[in-house]
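Visitor: Dropping a structure here in structure tokens format, bear with me for questions.
The values are calculated or read from the model by the stated rules, or taken from the named source; none is laboratory data. The shown structure was predicted, so the numbers you read here are calculated from the model rather than taken from an experiment. Here the Cβ positions follow ideal geometry from the backbone for every residue, glycine too, while neighbour counts run over all protein chains shown.
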2 protein chains.
Amino acid sequence: MDAKTLISDLAKAAKTAQSVLGKSDHAMRQAALTMSAQHIRQSQSEILAANAIDVAAGKARGLTDAFIDRLTLTPDRIESMANGLEAISALPDPLGAELARWQVPSGLDIARVATALGVIGIIYESRPNVTVDAAGLCIKSGNAAILRGGSDSFHTSRLLAKLMQTGLAEAGLPEDAVAMVSTSDRDAVGAMLQAVGQIDVIIPRGGKGLVGRVQDEARVPVFAHLEGICHLYLAPGADIAKATKVIVNAKMRRTGICGAAETLLIDKSMTNHLAGIAEALQQAGCHLRGDAEACALVSGMEQAEEADWSTEYLDSILSVRIIDDFEAAIDHIRTYGSGHTEAILTEDVALMDRFFAEVDSAIVIANASTQFADGGEFGLGAEIGIATGKLHARGPVGAAQLTSFKYVVRGDGTTRP
Amino acid sequence: MDAKTLISDLAKAAKTAQSVLGKSDHAMRQAALTMSAQHIRQSQSEILAANAIDVAAGKARGLTDAFIDRLTLTPDRIESMANGLEAISALPDPLGAELARWQVPSGLDIARVATALGVIGIIYESRPNVTVDAAGLCIKSGNAAILRGGSDSFHTSRLLAKLMQTGLAEAGLPEDAVAMVSTSDRDAVGAMLQAVGQIDVIIPRGGKGLVGRVQDEARVPVFAHLEGICHLYLAPGADIAKATKVIVNAKMRRTGICGAAETLLIDKSMTNHLAGIAEALQQAGCHLRGDAEACALVSGMEQAEEADWSTEYLDSILSVRIIDDFEAAIDHIRTYGSGHTEAILTEDVALMDRFFAEVDSAIVIANASTQFADGGEFGLGAEIGIATGKLHARGPVGAAQLTSFKYVVRGDGTTRP
């Protein structure tokens, strides 16, 4: 069967399943999630065995240590997937909520009601937990999931998807609401990206190569973020003790996540504080790359190149630039930012408000770490990623962001004049 | 200059203008709208002269009477455009509204705040008023508009766009926020559809040919509806007097709008009422095309063909089908509907609620005419169309639907553990 037919068949089955899932009671979707969690716990040894096959193959193929780490499951990681499903189950039902309701002069009563989106395609790389997180969020929000994981984690992901299907079936819901695309078909990703009218939205999870390809080739709408080039702006009126703590946390807490800061902009009026902040960063193990002016003020700072301003290091490296004023900070962020998360450090409320108004990123922060850019920290529950597009979902994409809405209109024999 | 460069240059200028417009005070955007309205009123004779050129050229080219009617402006239609802008001006500001605000345990204060979308491309056909409506809604919502009207209305639309630009300039806002693409460049539409990263969303306004082309070719996200194949379902428990009024109104009030009903589904248990309803429709001038069972019950009803169930007549024709039960009605709508608007006629609240839950269209109605599918009737103010997609905007697209949002996060030196 060619890839197009394969995806088309899967999508048709998924759509039929979704029409049942999308109108099912919350209790049934919750049961599917908690039963899947139980099966994942009970199948720990099978999951570890399947994972061992993937890991051995990956090592034989010479995958990097970081890659093997992302691929490898442990009893703790398995428990954490099961916990994640239970946490998703405990969230409020995103479906059926009346988002707004009003009456109009014609006598009609109009409500905007949350509905499922439909069929969601998830294309990801080596992390097997994406299988469970993504399928869990889709089940919660009444959407069918078509999963296409990386070939490196195929044995693990296939088993995890099967356990989710078992949970669905035991809850009385259609198994086809979670489908796993075999990685043996290399054209399947392309077919998913072209499946207009069959897949409602594609969510890529992975590195820049994967996300870039999906954004370039997809005809289906995409929720994605390509990069998190997050900025910190040390502005006039900053409390330096607070700011220093926030800067170190934003860069160094975890350097490999998309909410980690990559560039520190220092307002010219604040340069006398640079040496102290740089020392705190260096003590935490951070390498600094600055413009000429910054380098003159900090020992051990490398000279930054133009490319540094648009680099997502995902590492213990921070670029540092001294800028003339607020406008220059906004300009820098507009030029080099990726629309993900930016933070201003200042006690000046007027400046803070201007920053909130003028920076057009998904998340704008005052006096807190950019590493809070996370659905859990936002109180949205689990997330499938941070969207940097401006349509539909922006910022953390959790179950509520995987919904659409419809208008429900009640009349009483009402005709339009 | 090639089309790609032309659109790229226009889009860059539009983006720069939008960054000013998007953060401007509501009073300034209101001033731009009311001043544009004044200019349109004051320029009535110039507008009529420009329109006369387009109309004469259209007649010479042998355009249909219906086409010439859509193209032709009159003093009344000009006044109505000016009134429309004033009505848009009077709507509440869609920007800056706090859509939600909450605190999380880490101490952060998180708000979701409405923002402009960015640069909106509008591709339309002969109606010159789309120039004014679309530009007006974009200005209101802080978005730049790149307008590409049909060549048949070019002289009229170009003048109208210029009057909008004058209004912007007088309000102290950048003129480039409204741009008109010359129709002499035939590749411009293609270039707009491919302008990923430069145009944030495309809205096509026009017939099936235009909208279909845009949906097929666009790489930029699209808010569109292709067809309004709207259904009426005469269900068990209907109040026949009310239902008959609603059915006649839904079909015959105006047959050429997308919210006009195209198919009447009669529940088998309600067939004894068909003759009376058919008579009311026929008296109103409606031609009926029914399945064999319906034809046997109604004199003067033509036999429907399979193609009738998926035809948007936009005319005084209604297809009529007798279906077995509620499930068959849902199935018919799922198979032949276009996801626009469907209505159930019943006093049975449980059945009504099932219809609301199970029909996945932008608008679902009980006991009221499908012709209420309109932003004005919904109390949303002017609209640029009815979106049948499920992402971002669904149903009537007014100023509030042309916005995105961002998260504004306030901390106090808050770091993530």
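Visitor: Does at least one position in region B:84-91 carry a residue that is acidic (D, E) and modelled with pLDDT of 95 or more?
Guide: Residues of region B:84-91 acidic (D, E): B:86.
Among the residues that remain, those that are also modelled with pLDDT of 95 or more are: B:86.
The answer is yes, given that some residue of region B:84-91 is acidic (D, E) and modelled with pLDDT of 95 or more.
Visitor: Now a separate question. Looking only at residues that are touching a Ser or Thr at 6+ places or on another chain (Cβ under 8 Å) and more than 25 Å from B:E342 (Cα to Cα) in region A:396-417, which one is nearest to the other protein chains (Cβ to nearest Cβ)?
Guide: By that ranking, first place goes to A:A400.
Visitor: Still on this model: Out of the residues in region A:243-258 that are hydrophobic (A, V, I, L, M, F, W, C) and in contact (Cβ under 8 Å) with a residue 40 or more places away in the chain, state the one that is farthest from the other protein chains (Cβ to nearest Cβ).
Guide: Taking region A:243-258 and keeping what is hydrophobic (A, V, I, L, M, F, W, C), we get A:243, A:246-248, A:250, A:252, A:257-258.
Next, only the ones that are in contact (Cβ under 8 Å) with a residue 40 or more places away in the chain stay: A:243, A:246-247, A:250, A:252, A:257-258.
On the way: A:A243: 7, A:V246: 6, A:I247: 10, A:A250: 8, A:M252: 10, A:I257: 10, A:C258: 14 Å.
Ranking the qualifying residues of region A:243-258, first place goes to A:C258.
Visitor: Any idea how many residues of region B:74-119 are charged (D, E, K, R) and touching a residue at least 40 places away in the same chain (Cβ under 8 Å)? Steps first, please.
Guide: Of the residues in region B:74-119, the ones charged (D, E, K, R) are B:76-77, B:79, B:86, B:93, B:98, B:101, B:109, B:112.
So of that shortlist, the ones also touching a residue at least 40 places away in the same chain (Cβ under 8 Å) come out as B:77, B:86, B:93, B:109, B:112.
Residues flagged as charged (D, E, K, R) and touching a residue at least 40 places away in the same chain (Cβ under 8 Å) within region B:74-119 amount to 5.
Visitor: For B:G212, indicate whether it is closer than 21 Å to A:V196 by Cα and outside any loop (DSSP other than H, G, I, E, B). Talk me through it step by step, then tell me what you get.
Guide: On the way: closer than 21 Å to A:V196 by Cα: yes; outside any loop (DSSP other than H, G, I, E, B): yes.
When the stated conditions are applied, B:G212 passes them.
Visitor: Next question, about the same structure. Considering region A:384-393 alone, what residues qualify as being out of contact with any helix residue (DSSP H, G or I) (no Cβ under 8 Å at 6 or more places or on another chain) and either free of Cβ contacts under 8 Å to residues at least 40 places away in the same chain or assigned to a loop (DSSP other than H, G, I, E, B) (or both)? Lay out the reasoning, then the answer.
Guide: So the first thing to find is which residues in region A:384-393 are out of contact with any helix residue (DSSP H, G or I) (no Cβ under 8 Å at 6 or more places or on another chain), and the list is A:385-386, A:388-391.
Once the filter is applied, which keeps residues that are out of contact with any helix residue (DSSP H, G or I) (no Cβ under 8 Å at 6 or more places or on another chain) and either free of Cβ contacts under 8 Å to residues at least 40 places away in the same chain or assigned to a loop (DSSP other than H, G, I, E, B) (or both), region A:384-393 yields A:G385, A:T388, A:G389, A:K390, A:L391.
Visitor: When both residues are 6+ apart or on different chains and their Cβ atoms are under 9 Å apart, which pairs have a first residue that lies in region B:208-226 and is on the phi < 0 side of the Ramachandran plot, and a second that is aromatic (F, W, Y)?
Guide: B:L210/B:Y124
Visitor: Now, a different point. Would you tally the residues in region B:261-291 being in contact with an Asp or Glu (Cβ under 8 Å, 6 or more places away or on another chain) and acidic (D, E)?
Guide: Residues in region B:261-291 being in contact with an Asp or Glu (Cβ under 8 Å, 6 or more places away or on another chain) and acidic (D, E): 2 in total.
Visitor: Restricting to region B:115-144, what's the tally of residues that are modelled with pLDDT under 95 and either part of a loop (DSSP other than H, G, I, E, B) or under 22 Å from A:V359 (Cβ atoms) (or both)?
Guide: 4
Visitor: Here is a check on your reading of the model: is A:D176 touching a Ser or Thr at 6+ places or on another chain (Cβ under 9 Å) and outside the structural domain of A:N367 (by TED's automatic domain parsing)? Show your work before the answer.
Guide: Numbers: touching a Ser or Thr at 6+ places or on another chain (Cβ under 9 Å): yes; outside the structural domain of A:N367 (by TED's automatic domain parsing): yes.
The answer is yes for A:D176.
Visitor: Do we find that B:G62 is part of a loop (DSSP other than H, G, I, E, B) and without any contact (Cβ under 8 Å) to a residue 12 or more places away in the chain in this structure? Quick ask: steps written out before the conclusion?
Guide: On the way: part of a loop (DSSP other than H, G, I, E, B): yes; without any contact (Cβ under 8 Å) to a residue 12 or more places away in the chain: yes.
Yes: the conditions hold for B:G62.
Visitor: Also, quick follow-up: Pick from region B:249-267 the residues that are assigned to a loop (DSSP other than H, G, I, E, B) and of a type in the set (K, R): which of them is surrounded by the fewest Cβ atoms within 10 Å (Cβ to Cβ)?
Guide: Ranking the candidates gives B:R254 first.
Visitor: May I pose another question? May I ask you to list the residues in region A:170-181 that are in contact (Cβ under 8 Å) with a residue 60 or more places away in the chain and either aliphatic (A, V, I, L, M) or outside any helix (DSSP H, G or I) (or both)?
Guide: Filtering region A:170-181 for residues in contact (Cβ under 8 Å) with a residue 60 or more places away in the chain gives A:170-177, A:179, A:181.
The answer is A:A171, A:G172, A:L173, A:P174, A:A177, A:A179, A:V181.
Visitor: Something else: Of all the residues that make up region A:342-377, how many are facing chain B (nearest Cβ under 9 Å) and under 14 Å from the mean Cα position of the chain (by Cα)?
Guide: Number of matching residues: 7.
Visitor: Let me ask something else. Out of all the residues in region B:342-355, which are buried (at least 21 other Cβ atoms within 10 Å of the Cβ) and either touching a Pro at 6+ places or on another chain (Cβ under 7 Å) or part of a helix (DSSP H, G or I) (or both)? Break it down stepwise before answering.
Guide: Narrowing region B:342-355 to residues buried (at least 21 other Cβ atoms within 10 Å of the Cβ): B:342-346, B:352, B:355.
Scanning region B:342-355 gives B:T346, B:M352, B:F355.
Visitor: Can you find even one residue in region A:282-290 that is surrounded by 15 or more Cβ atoms within 10 Å (Cβ to Cβ), within 14 Å of another protein chain (Cβ to nearest Cβ) and small (G, A, S)?
Guide: no
Visitor: Please indicate, with yes or no, whether at least one residue in region B:310-330 is free of Cβ contacts under 8 Å to residues at least 24 places away in the same chain and under 30 Å from B:P221 (Cα atoms).
Guide: No.
Visitor: Sticking with this one: Checking A:A238 against (1) of a type outside the set (S, T, Y); (2) within 13 Å of chain B (Cβ to nearest Cβ); (3) surrounded by 19 or more Cβ atoms within 10 Å (Cβ to Cβ); (4) assigned to a helix (DSSP H, G or I), which test does it fail?
Guide: (4)
Visitor: With the checklist (1) under 25 Å from the mean Cα position of the chain (by Cα); (2) within 14 Å of chain B (Cβ to nearest Cβ); (3) among the aliphatic types (A, V, I, L, M); (4) surrounded by fewer than 23 Cβ atoms within 10 Å (Cβ to Cβ) in hand, flag the one item A:L117 doesn't pass.
Guide: Checking A:L117 against (1) under 25 Å from the mean Cα position of the chain (by Cα); (2) within 14 Å of chain B (Cβ to nearest Cβ); (3) among the aliphatic types (A, V, I, L, M); (4) surrounded by fewer than 23 Cβ atoms within 10 Å (Cβ to Cβ), the one that fails is (4).
Visitor: For residues that are away from chain A (no Cβ under 14 Å) and assigned to a strand (DSSP E or B), scanning just region B:315-341, find the one that is nearest to B:G256 (Cα to Cα).
Guide: B:I317
Visitor: Does at least one position in region A:57-71 carry a residue that is surrounded by 15 or more Cβ atoms within 10 Å (Cβ to Cβ) and of a type in the set (D, E)? Steps first, answer last, please.
Guide: Going through region A:57-71, the residues surrounded by 15 or more Cβ atoms within 10 Å (Cβ to Cβ) turn out to be A:57-58, A:63, A:67-68, A:70-71.
Subset that is of a type in the set (D, E): none.
Within region A:57-71, none of the residues are surrounded by 15 or more Cβ atoms within 10 Å (Cβ to Cβ) and of a type in the set (D, E).
Visitor: Kindly indicate which of B:A3, B:A14, B:A27 is farther than 28 Å from B:P75 by Cα, more than 14 Å from every other protein chain (Cβ to nearest Cβ) and at pLDDT below 95.
Guide: Exactly one residue qualifies, and that residue is B:A3.
Every residue, every condition in (1) surrounded by fewer than 17 Cβ atoms within 10 Å (Cβ to Cβ); (2) assigned to a loop (DSSP other than H, G, I, E, B); (3) assigned by TED's automatic domain parsing to the domain that holds A:S338, yes or no:
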site: A:I146; (1), (2), (3): no, no, no
site: A:D152; (1), (2), (3): no, no, no
site: A:L168; (1), (2), (3): no, no, no
site: A:D216; (1), (2), (3): yes, no, no
site: A:A243; (1), (2), (3): no, no, yes
